[in-house]
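The numbers here are math on the coordinates, done by the rules we state, and not lab data. Remember, it's a predicted structure, so these values are computed and weren't measured experimentally. Virtual Cβ from ideal backbone geometry, glycine too; neighbours counted across all protein chains shown.
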Amino acid sequence: MHTLLVKPESETEDYIQVENVIAHVGEFKDFDIVGFTEKELGDSLLNRMENVAAIRLAMNDAVVNIPIHVYGSLDPITSVLYFLAGAEIFDGLTWLRYGYADGFACYYHNYSAREISIEETEEYVRAKTRQDNLGYLLELKNRMQKFFLDSDFNIFGPNAELLSKSYALLQTKNRRI
């Protein structure tokens, strides 16, 4: 597989130039995946979502049917936000550093107190949290797939309202979504 990782055009820029990326989406056809780092997509979550959506729409228009990969985004909220914007692949290290509970990423000591036990050792807590997170991520993938079929935000449980409002805001920014 061949992945294209799109980076800012110069070392002095912090963000990708979305207009320039869109101008060249037809060239993505030679790749299996196109990727962007989360931080280089924009200066706010909404701006990043807008940029992912703009790139996805341009790729659709150019019949470039490859997934968008957002590097650095693997948590219960931002992964879904980027999914709603048009991304399909997510990765990151939050699943190693935090515990996923009730739709949020929380400090693993807090996760331990809530979900495991305050009596367990650090080593056990880290291993158990990671195991639980993997299960959570599999369930999140299933929820995204189900959402794709029926567009019911309630599938995301406690984050349903946040995600629904965020998606509605994204739609006001880009009527094609």
For the chain: lysine pairs with Cα atoms under 26 Å, gap of 8 or more or different chains, count? 13
Residues whose placed amide H lies under 5 Å from that of Asp91, excluding near-sequence neighbours: Val70, Gly72, Ser73
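Return a whole-number percent for the relative contact order of the chain, with Cα pairs under 8 Å and 6 or more residues apart as the contact set.
Details: 240 pairs, mean separation 30.4, N = 177.
Normalised by residue count, the contact order of the chain is 17 percent.
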The helix 160-173 Cα axis meets the longest alpha-carbon principal axis of the chain at an angle in degrees, between 0 and 90 and rounded to 10, of 10 degrees
Label point at Thr12 placed 7 Å out along Cα→Cβ; residues across the range 29-58 whose backbone nitrogen lies under 11 Å: none
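Val64: net charge of surrounding residues, Cβ under 12 Å, Lys/Arg +1, Asp/Glu -1, itself excluded?
Values: positive: Lys29, Arg56; negative: Glu27, Asp30, Asp32, Asp61.
Neighbourhood net charge equals -2.
Quick one: work out Rg over Rh on the C-alpha atoms of the range 3-173, Rh as Kirkwood radius.
Details: Rg = 17.5 Å, Rh = 17.2 Å.
Ratio of gyration radius to Kirkwood radius for the range 3-173: 1.02.
Let me have the 222 nm mean residue ellipticity of the chain computed from DSSP H runs of 4+ only, each contributing -39500 (n - 2.57), with the sum over all residues rounded to the nearest 500.
About -14500 deg cm²/dmol.
Taking the DSSP beta bridges in the range 1-111 as the whole, what percent of them are antiparallel, to the nearest 5? Don't skip to the answer; put the middle values down first.
On the way: 4 of 15 bridges.
Bridges in the range 1-111 that DSSP calls antiparallel: roughly 25 percent.
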